[in-house]
Amino acid sequence: VVDNLKALMANPEAASNTSLQLTACHIFLQANLLREALQCVHHGLTMEHLAMCVQIYIKIDRFDLANESFNLLKQADEDSILAQLAAAYLAIAKGSSASDDAVHILAGLSEQYGPSVMLLNCMAVANMVGGKYEAAEGNLKEALSEEFGGSSDADALVNIVVCGQHMGKKPADLEQYLSVLKATHADHPFVQGLVQVEG
């Protein structure tokens, strides 16, 4: 798939298709090909392009460029969900000094549109960055509840294990989450790293 997308993106006519650019960007990100992902979207001016640029720039620790893309995103529509999510991601990336801003933004989105596993995970990460592990654990337990399909989300499982470690929980307390994670998400990078360390 990656090779086919690279060939498609080399064709200037096909590469000008906005949907193809965004799809290719997501697939390249999944394959950890950050340069290729950024090449797909860095010239685009749609809100989706700008939001993807913010995510990629955060991932490569270029907060100056992430802020530039975010400012363009805000100019397009400051109240959009994409702009609010990008603001939350930037606040989380800035560290504990801005984590409360991220929690506030995400809580507002959760109140407006209803909580989701993704929003609860993001809130938990923001709380962990701010050192509020009990609040993060509450977010994660809600994300893993039956209301959201039970304990099947890989990110929520990883986050609750990490949160438990920061809270000083015993390995036996975290084993239930680890066993579900290993059984249902064996290809997740966290699980692969854990298996390698255990080996």
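Computed from these coordinates, which is volume of the Cα convex hull per residue in Å³: (1) 119; (2) 151; (3) 138?
(3)
Please say if the stretch 76-173 is rounded, prolate or oblate, where rounded means a/c under 1.5 for a ≥ b ≥ c the square roots of the C-alpha gyration tensor eigenvalues, and otherwise the choice is prolate for a/b larger than b/c and oblate otherwise?
It comes out oblate by the Cα gyration axes.
Any chance you could check the Cα centroid distance between the stretch 13-61 and the stretch 171-195 for me, in angstrom?
Between the Cα centres of the stretch 13-61 and the stretch 171-195 lies a distance of 30 Å.
Sorted by mean Cβ packing within 10 Å, highest first, what order do the peptides 75-86, 135-146 take? Don't jump to the answer; show the numbers that get you there.
On the way: 75-86: 15.2, 135-146: 20.2.
Averaged packing, sorted descending, gives the order 135-146, 75-86.
With Cβ to Cβ distances under 14 Å as the rule, what net charge do the other residues near LEU140 carry (K, R +1; D, E -1)?
Here the charged neighbours net out to -4.
Quick check for the chain: number of Lys pairs with alpha-carbon distance under 17 Å, counting only pairs 8 or more apart or on different chains?
Close lysine pairs under the 17 Å cut-off: 5.
Based on the Cβ-Cβ distance from ASN71 to ALA31, what FRET efficiency comes out when R0 is 25 Å, to the nearest 0.05?
0.30
Classify the stretch 1-106: rounded, prolate or oblate, from the alpha-carbon gyration tensor (a ≥ b ≥ c, eigenvalue square roots; a/c under 1.5 rounded; otherwise prolate if a/b is larger than b/c)? Write down the numbers at each step before the final one.
Working: a/c = 2.63, a/b = 1.84, b/c = 1.43.
Since a/c reaches 1.5 and a/b is larger than b/c, the shape of the stretch 1-106 is classed as prolate.
Counting only heavy atoms of the protein chains, get the accessible area per residue of the stretch 1-159 (1.4 Å probe) and round it to a whole Å² value.
Accessible area per residue, the stretch 1-159: 52 Å².
Taking springs between alpha-carbon atoms closer than 10 angstrom, which of ILE60, ILE92, ILE160 fluctuates most in the Gaussian network model of the chain?
Answer for the Gaussian network model of the chain: ILE60.
Where the accessible area of the stretch 1-147 is counted over protein heavy atoms with a 1.4 Å probe, how much of it, in %, is carbon and sulfur?
51
I need to check one value: relative contact order of the chain, counting alpha carbon pairs closer than 8 Å and at least 6 residues apart, in percent. Mind showing how you got there, number by number?
Values: 214 pairs, mean separation 19.0, N = 199.
It rounds to 10 percent for the chain.
Please identify, among SER152, SER179, SER69, the residue showing maximal mean-square fluctuation in a Gaussian network model of the chain using a 10 angstrom Cα cutoff.
Looking only at SER152, SER179, SER69, the largest GNM fluctuation is found for SER179.
Pick out which of ASN127, ASN71, ASN17 has the largest mean-square fluctuation in a Gaussian network model of the chain, springs linking Cα atoms closer than 10 Å.
ASN17
Calculate log10 I(q)/I(0) of the stretch 59-131 for q = 0.24 Å⁻¹, where I(q) comes from the Debye formula with a single equal point scatterer on each Cα and nothing for solvent.
Calculated log10 I(q)/I(0) at the listed q: -1.10.
I want the local charge near MET118. Using Cβ-Cβ distances under 12 Å, sum +1 for each Lys or Arg and -1 for each Asp or Glu among the other residues.
Combined, the nearby Lys, Arg, Asp and Glu give -2.
The values are calculated or read from the model by the stated rules, or taken from the named source; none is laboratory data. Everything numeric here is computed off the predicted structure, so don't read it as measured data. Glycine also receives a Cβ, built like all others from the backbone with ideal geometry; neighbour counts cover every protein chain displayed. All accessible areas refer to the heavy atoms of the entire protein, side chains included, with ligands and DNA or RNA removed. Shrake-Rupley method; radii C 1.70, N 1.55, O 1.52, S 1.80 Å.
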